[in-house]
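Undergrad: Please read through the structure below; I'll follow up with questions.
Every number here is computed from the coordinates shown, using simple stated rules; none is lab data. In this text the structure is predicted, and so the values were computed from the model without any measurement. Please note: Cβ atoms are built from the backbone with ideal geometry, for glycine as well, and neighbour counts cover all protein chains shown.
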Amino acid sequence: MVYLPMSITDKKEWKSRLVDPEKVLSRIKPGMSIFLGTGVAEPRTLVKSLMASDAGNLRDLEFIQLMSFGQAVSIAEKDTQKFRLKTFFPGWVASEAINAGSVDLIPTPFSRIPLLIESGTIGIDAAFIQITPPDKAGYCSLGPAIDVARQAMEQASLVVGEISDQTPRTLGDTFVHIDDFDYLVEATEPPIYFQRWPVDEVYEKVGANVASLIQDGSCIAFSVDPLFDSLAHHLKGKRHLGIHSPFFTDALMDLVKSGAVTNRRKGIFLGKSVAAYAIGTAELMHWLHRNPLIEFQGIDVVADPKRIGANDHLMVILPARKVDLTGGIALHSGKRNVGAGPGEAQEFFKGAAFSKGGRTVFALPSRNLENKPNIVISVEGYPNQFSNRESLDLVVTEYGVASMTGRTTRERALALIDIAHPDDRADLVRLAKEKHLLFPDQIYLSGSGHLYPEELACDHTFKESLTVRFRAIKPSDVDEMRRLFYRFSDKAVYYRYFSPIKTMPHAKMQEYVNVDYRKTMSIVGLMGEPGEGRIIAEGRYVRLHDLPYADVAFVVDEDYQGKGIATFLFKMLVGIAKEKGMEGFKADVLATNKSMLKVFESAGDAPIQAVMDGGVYELTIPFSEKGSTG
C-alpha cells in the first residue's frame, strides 16, 4: 500500500493529493472484487466513472455492497458482462435485479458479514469508500454508513477514498486516517438522499397501536417504512427511550429532538443512540454532523444479538407484508423492503430473547394498496418468509393488537381474525374451520367487526397504584373469560348467575363473547403487559327490547375486589348507555350481595327503585329524575 504524508493540516494540502477517477480506474484489473459503500455513503463519483468508462481493463468485475440503495445496481443491470453486483440484502432496488438474474444475493445475517470478509471467504481486492474531508490531525469520518468499511479496507490491496464535503462527520467508530488510502478523489456527485415516507390514515392508526405497547424506558430498533414515521410521532410523549437500530432516519431525528429519547436506561452505549446507517434527507445529514448524541458503529456491533440483548425492555418492531393465522410472516420484498430481511429479523429476535423484558412485534395494515387482505390463511407461496413463529410476541394492525405469546394455534387464529379487516373476518373464520384451526362450531356475527367500539379503550389507576386496561370484549376473549369463570368461588358464581354452575364449556362461552354491540355492551378489564394480559373483570348490559332500559351485571376477580373496579365499570357503562339513548339500567342482585348493592348505590343522579322478591332485589336504576320504567 502506498502511504501519503501525515501532515494534512488544511484543505489546500489534502487537495493537492487528489487524483482523477480515471487514474484510480487504471489500477483496476479484470476479475477484481470491489467493495462499495451503501446508500448515502455510496461513492457516486467513482461509480459514475466506472459506468461511463470503456477501458479494456474494466471487465468481469465484482461489486460487493451490503445493501444496494444507489446507482451500483443500474450498472450491474446495464452490462452483466462488464460488472456483476453481489449484495447481502435483497431489498430496495436490488430485489428486481436479483429476480432478473443480473445481481447476486449472498444470504447471510448481517453480524456475520465482517467475519466473512476478514477470513477471506468473501474476497475484497479494492475498496471505494466515501469519507469526509480530514481534520487537522488527518482523520476522516466514514459518515452515515459504517457498514463493513474497516474490514474491507484491511483486506483490499487498493483503497480509495472519495472525499465529499456534503458527508456529515459522524461520531463513534467512524474515524479513519487519510494515510490509510492509496488514492483520494473528490466527489463531484451529490449524495443520495431519501425523502420521508408519506403516512396515511391507516398507518397513523397502526403506529398509534404499536406506540401503545411501548413503555417508558424501552429500547427500540427502527427501520425505514411509513410505519416508523407514524410510530415516531406517537412516541413523543414517552420518557427515557433508548435507540439501538440498524438505521437512523428523519423520524428518529424528530423523536430525539422531542426529548423522548435519553438512552439513560440502556445496558450498552449509555446516553447514545446507536446505528450503523443513516438514511434520509439532507436535513438529517446536516443534523448528524458532529452530533454527540448519535453513536455510529459497524454492523457487526449493531446486529450482534448479545449486544442487542444487553438493553433491557428491547422492543423489536418490524413491518410485515402478510401474516397468516398461525403467526407465519411474509416480509416485504422489492422497493418496500429496506432493512428487514429474514436474517436481520432473526438477529434482532435473538436479541429480544436475551433482553430482560424484550418483546417482538410485527405490524402491518389489514389490507394492502390493492385492497387485498394482509392477514391470510397461509403465507405459503409468498417470498421472504420469516418462520420463527415461536419467538413472535405481538402482531399489530390498525384494528388492534393480537398477542401470540403462549397462545395455541386456535387462540392465535382468533386473535388475528380480531385485527383483520372487518370485511375479511367472516371468510377467515370459514377458511380456519376448513383447516381445523378453529372449532367447527365457531361463531362469527356478521358485521360485528365494523361495529366494534375501539374508542372505548382506556386505562385507569385504582388503589395501591393498580392500573387496569379496559376495552370492549372481543371474540378472541373466549378462553380468557373461561379462565376468569373458573377462578371464581362457588359463592361468586352464584351471585353472578343465580345458580350453582360448575362448568363453562367453549360452546357456551363463545356465545357470550360474540356480541352485537348495538344491543349489548361488554367491557373487560385486563392486567399485564399492553397487548397481552389476563381478564380480571367484566361488566355488560343487554338492552331490553320493549323499554329504553338495559339489564346490567358485573364480575370481578376475587383477588381484585374492593378496589373500585366494579364501580368504574358501572360508570363507564352508564356513559355508553346514555350516549345510545337509554334511560336507565335494571339489575337483579341477591340480598346478601352487599358489595354489588353498594356499587349500584354509588351510581347516581336519581333514586334507585328496589323491589324484593324471593331474596333477590329487582333494581331499577334511572340515569336521571326523568328516567322511567315506562
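Undergrad: If you count, for each residue, the other Cβ atoms within 10 Å and average over each peptide, how do 124-133, 178-187 line up from highest to lowest?
TA: My ranking of the peptides, most packed first, is 124-133, 178-187.
Undergrad: Rounded to the nearest Å, what's the spacing between the alpha carbon centres of segment 451-491 and segment 125-204? Just the number, please.
TA: 53
Undergrad: Also: List the residues, sorted by chain then number, that are 5 or more residues from Phe63 or on another chain and whose placed amide H is less than 5 Å from its amide H.
TA: Ile34, Arg84, Leu85, Lys86
Undergrad: Moving to a separate point now. What ranking do 49-60, 148-159, 32-43 get when scored by the average of other Cβ atoms within 10 Å per residue, highest first?
TA: Packing order, densest peptide first, comes out as 32-43, 148-159, 49-60.
Undergrad: Taking amide H positions as placed in the peptide plane 1.01 Å from N, state which residues far from Gly525 in sequence (5 or more) or on other chains have amide H under 5 Å from it.
TA: Placed amide hydrogens put Ile536, Ala537, Glu538 under 5 Å from Gly525.
Undergrad: Enumerate the calculated ³J(HN,Hα) couplings along segment 287-299 in order (Karplus 6.51 cos²θ - 1.76 cosθ + 1.60, θ = phi - 60°), each rounded to whole Hz, writing x wherever the residue is Gly or Pro.
TA: Per-residue couplings from phi come out as 5, 6, 4, 6, 7, x, 7, 10, 10, 8, 10, x, 5 Hz.
Undergrad: Evaluate E = 1/(1 + (r/R0)^6) for Lys508 and Val542, where r is the Cβ-Cβ distance and R0 equals 25 Å; express this FRET efficiency to the nearest 0.05.
TA: For Lys508 and Val542, the calculated efficiency is 0.95.
Undergrad: Based on the Cβ-Cβ distance from Lys257 to Ala610, what FRET efficiency comes out when R0 is 56 Å, to the nearest 0.05?
TA: Working from the Cβ atoms, E equals 0.40.
Undergrad: Now a separate question. Using a cut-off of 25 Å between alpha-carbon atoms, which lysines can reach Lys356, once sequence neighbours fewer than 8 places away in the same chain are excluded?
TA: The reachable lysines, counting only those whose Cα sits under 25 Å from Lys356, are Lys236, Lys238, Lys266, Lys272, Lys306.
Undergrad: Residue by residue through segment 219-234, what is 3J(HN,Hα) from phi via Karplus (6.51 cos²θ - 1.76 cosθ + 1.60, θ = phi - 60°)? Round to whole Hz and write x for glycine and proline.
TA: 10, 10, 9, 9, 9, 10, 4, x, 3, 7, 5, 5, 4, 4, 4, 7
Undergrad: Angle, helix 409-418 long axis vs. longest principal axis of the chain, Cα atoms, 0 to 90°, nearest 10?
TA: On a 0 to 90 degree scale, this one is about 90.
Undergrad: Here's another thing I want to ask about it. Return the sequence-ordered ³J(HN,Hα) values of segment 22-28 in whole Hz as given by the Karplus equation 6.51 cos²θ - 1.76 cosθ + 1.60 applied to θ = phi - 60°, using x for Gly and Pro.
TA: Taking θ as phi minus 60°, the curve returns 4, 5, 4, 5, 5, 7, 7 Hz for segment 22-28.
Undergrad: What percentages, rounded to whole numbers, describe P(r) for segment 451-622 computed over all alpha carbon pairs with 5 Å bin width beginning at zero?
TA: Here the calculated profile for segment 451-622 is 1, 8, 18, 21, 22, 18, 9, 2, 0.
Undergrad: May I ask for the distance between the Cα centers of segment 362-401 and segment 512-534, given as a whole number of Å?
TA: About 23 Å separates the Cα centre of segment 362-401 from the one of segment 512-534.
Undergrad: What are the aspartates and glutamates whose alpha-carbon lies under 17 Å from the alpha-carbon of Lys23, with same-chain residues fewer than 8 places away excluded?
TA: Partners within reach: Asp54, Asp125, Glu162, Asp182, Glu186.
Undergrad: Please provide three numbers in whole Å: the alpha-carbon extents of the chain along the principal axes, with the largest listed first.
TA: 103, 49, 38
Undergrad: For Lys594, give me every one of the lysines with a C-alpha distance below 25 angstrom, ignoring sequence neighbours fewer than eight places off in its own chain.
TA: Lys463, Lys491, Lys502, Lys563, Lys571, Lys586
Undergrad: Still on this structure, I have one more. When the Kirkwood hydrodynamic radius is evaluated over all pairs of different C-alpha atoms of segment 260-335, what value in angstrom, to one decimal, is obtained?
TA: After inverting the pairwise mean of 1/r, the radius is 15.0 Å.
Undergrad: I've got another one for you. Can you tell me which of 228-235, 196-203 comes out highest on packing, and rank the rest after it, using the mean Cβ neighbours within 10 Å?
TA: Ranking the peptides 228-235, 196-203 by packing returns 228-235, 196-203.
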